[in-house]
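The values are calculated or read from the model by the stated rules, or taken from the named source; none is laboratory data. These numbers come from a predicted model, not from an experiment. Note: ideal-geometry Cβ built from the backbone for every residue, glycine included; neighbour counts use all protein chains shown. Note: accessible area is taken over every heavy atom of the protein model, side chains too, but ligands, DNA and RNA are not part of it. Shrake-Rupley method; radii C 1.70, N 1.55, O 1.52, S 1.80 Å.
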Amino acid sequence: MPETPSSRRVALLTLGCARNEVDSEELAARLDAGGWEVGTDAEGADVVVVNTCGFVEKAKQDSIDTLLAAADTGAKVVAAGCMAERYGKELADNLPEANAVLGFDDYTDITDRLDAVLRGESLDAHTPRDRRELLPITPVKRHTAKVVVPGHATVDEHTPAHLRTVLRRRLDSGPVASLKLASGCDRRCAFCAIPAFRGAFVSRDPQELLAEAEWLAKTGVRELVLVSENSTSYGKDLGDPRLLEKLLPQLAAVEGIVRVRASYLQPAETRPGLVEAIATTPGVAAYYDLSFQHSSEPVLRRMRRFGSTERFLELLDSARKLAPAAGARSNFIVGFPGETKQDVEELMRFLTEARLDAVGIFDYSDEDGTEAAGLPGKVSEAAIKRRYDRVTALVEELCAQRAEERLGSTVEVLVDTVEDGEVEGRAGHQAPEVDGSTTLVAGEAGVDVSALRPGDLVRARVTGTEGVDLIAVPMEMISAAPVPR
């Protein structure tokens with residue numbers, strides 16, 4: 001067998017959600033330990049690993065485009081991540097530009113796999129299977145199963161969680177990082193294929209999460225974004241469905257962490273205790289990332305989901321009674337099979353009354369292997385586009401109005417970037433990348449804007465808006481970022 005070069009470079013390109021970012025950083029740690037020089041720039045790399053997204057058609061096309069662009073660099077190209085797991089051999093057969101297609105089961109041996117690719121060896125792509133079948137049906141028995149779950153790996157399972165080496169290598173140096181609470185999902189939403197290739201729901205040990213949070217803080221992280229497929233299920237397989245409520249204050253107390261943000265909340269599972277914990281715990285953003293998807297009861301039932309306009313409004317109202325300035329965002333699908341004009345009107349009524357800070361609108365498309373793909377009552381593409389355009393125009397107006405409601409208010413802004421004199425950060429109601437941002441500008445008094453650094457947390461007064469984005473004057477330094485050693 002030919003020898004493996006002593007010096008080899010790999011670029012990790014990550015597409016899709018924040019959960020994928022955590023998975024990439026696990027792969028980075030494994031590759032670093034295996035002697036690879038790890039980065040995120042494809043130029044000059046020996047191997048480019050594309051951590052793909054397989055959620056919807058547009059994301060899959062982005063993944064293919066990225067793989068093809070990587071092949072143009074002359075490097076060996078490897079497809080990993082959700083799209084690679086979901087399609088396996090089919091993707092390999094249809095994308096000869098990829099030198100290998102790796103599934104989640106390959107992650108533990110990623111160094112050996114890339115060494116083989118670099119030597120020019122051919123690796124057989126896997127035949128996809130429903131990963132829910134790999135774990136016991138009973139949630140509390142899942143932790144005994146030896147199944148590869150990206151983002152959950154440990155260096156030594158026999159060492160107490162809080163003493164283990166964190167199997168993660170950061171791929172950027174920003175003040176915000178995602179912390180994966182759990183993987184997989186036990187829900188059966190008719191439009192979603194994720195559970196089939198991500199598997200059943202599995203929580204991570206809370207002590208392991210606290211240890212990783214402490215490690216992240218030591219790397220300069222100031223805000224933790226808690227991610228999973230369904231954060232409201234956290235702890236159910238550990239025997240405590242209220243575990244997230246207990247974990248939030250512990251994470252917020254980690255030295256160096258100034259903000260903890262929960263995301264991916266399932267409305268049907270968002271209990272009053274969790275609403276209160278998010279609204280009232282010091283150091284936790286009063287922010288509700290609620291997966292509504294629609295508000296018309298008939299559509300929600302066909303989606304195999306629960307709720308209604310009134311129930312969702314009551315949920316938002318319960319949060320705002322505790323924290324009047326709380327932020328809220330959600331995603332919605334228009335054009336689901338069987339959706340009528342009346343259903344769209346009901347959705348627009350909800351959006352108008354909900355006063356959400358950020359909204360994502362998706363136009364429905366059939367996804368392989370989902371129940372919805374076989375449902376009758378398909379809405380025509382032309383009708384879907386009309387509805388999409390109409391609802392999108394409405395939410396752009398409503399979210400801009402919601403931002404204007406914050407004029408004159410005081411917000412706590414975490415500085416993300418300082419570039420060419422422009423200081424940009426996010427208030428508590430603004431999650432990274434998916435929501436708006438806040439630009440900090442000089443005022444007559446208060447904090448010197450020119451002295452601000454990424455990671456600083458300041459109290460600021462909102463003086464202007466641009467769509468969903470805010471403009472604010474920093475008035476007080478709440479917590480300065482540690483000076484790099």
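What the table below lists for this structure:
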read-out	value
Cα point-scatterer Debye curve for segment 308-447, base-10 log of I(q)/I(0) at q = 0.12, 0.18 Å⁻¹	-0.63, -1.08
At most 15 other Cβ within 10 Å, DSSP loop - GluC sites (Glu not before Pro), segment 1-84	Glu3, Glu43
For segment 28-156, diffusion coefficient by Stokes-Einstein and Kirkwood Rh (Cα), 20 °C, 1.002 mPa s, µm²/s	138 µm²/s
Accessible area per residue in Å² at 1.4 Å probe, computed on segment 1-137	44 Å²
Within the chain, helix-based [θ] at 222 nm, where runs of 4 or more DSSP H residues each add -39,500 (n - 2.57), nearest 500	-9500 deg cm²/dmol
Cysteines not pairable in the chain (beta carbon separation under 4.7 Å absent)	Cys17, Cys53, Cys82, Cys185, Cys399
Accessible-area value, Cys185, 1.4 Å probe, nucleic acids and ligands omitted, Å²	20 Å²
Cβ-based net charge around Arg311, under 12 Å, with every Lys or Arg adding one and every Asp or Glu removing one	-3
In segment 405-485, GluC sites (Glu not before Pro) in a DSSP loop with at most 14 other beta-carbon atoms within 10 Å	Glu405, Glu433, Glu444
Solvent exposure ordering (accessible area, 1.4 Å, most first) of Lys218, Lys321	Lys218, Lys321
4 °C / 1.567 mPa s Stokes-Einstein diffusion coefficient of segment 207-281, Kirkwood radius on C-alpha pairs, µm²/s	102 µm²/s
Per residue value of the accessible surface for segment 149-265 (all protein chains in place, 1.4 Å probe), Å²	35 Å²
Rounded to 5, percent antiparallel among DSSP beta bridges of the chain	35 percent
Relative contact order computed over the chain (Cα-Cα under 8 Å; 6+ residues apart), in percent	9 percent
Square roots of 5 times each gyration tensor eigenvalue, C-alpha, segment 177-305, largest first, Å	27, 16, 13
Calculated on alpha-carbon atoms, Rg and Dmax of segment 1-72 in Å	13.2, 41
Accessible solvent surface per residue of segment 441-485, calculated while the other protein chains remain in place, 1.4 angstrom probe, Å²	57 Å²
Estimated inter-spin distance, Leu68 and Ser409, nm [label 7 Å along Cα→Cβ]	4.4 nm
Fraction of accessible area attributable to carbon and sulfur, the chain (%, probe 1.4 Å)	49 percent
Segment 320-368 - Rg over Rh from alpha carbon coordinates, Kirkwood radius	1.08
Semi-axis lengths (Å, descending) of the ellipsoid that matches the C-alpha gyration tensor of segment 94-213	26, 22, 15
Fraction in percent of alpha-carbon pairs per bin - 10 Å, the chain	4, 19, 28, 28, 17, 4, 0, 0
Cβ charges +1 (Lys, Arg) and -1 (Asp, Glu), total dipole of the chain, debye	1460 debye
Distance violations [Cα-Cα > 20 Å] among Lys58/Lys341; Lys180/Lys246; Lys146/Lys218	Lys58/Lys341; Lys146/Lys218
Around Ala431: net Lys/Arg minus Asp/Glu count, Cβ-Cβ under 12 Å	-2
Percentage relative contact order, segment 158-267, counting C-alpha pairs under 8 Å, at least six apart	30 percent
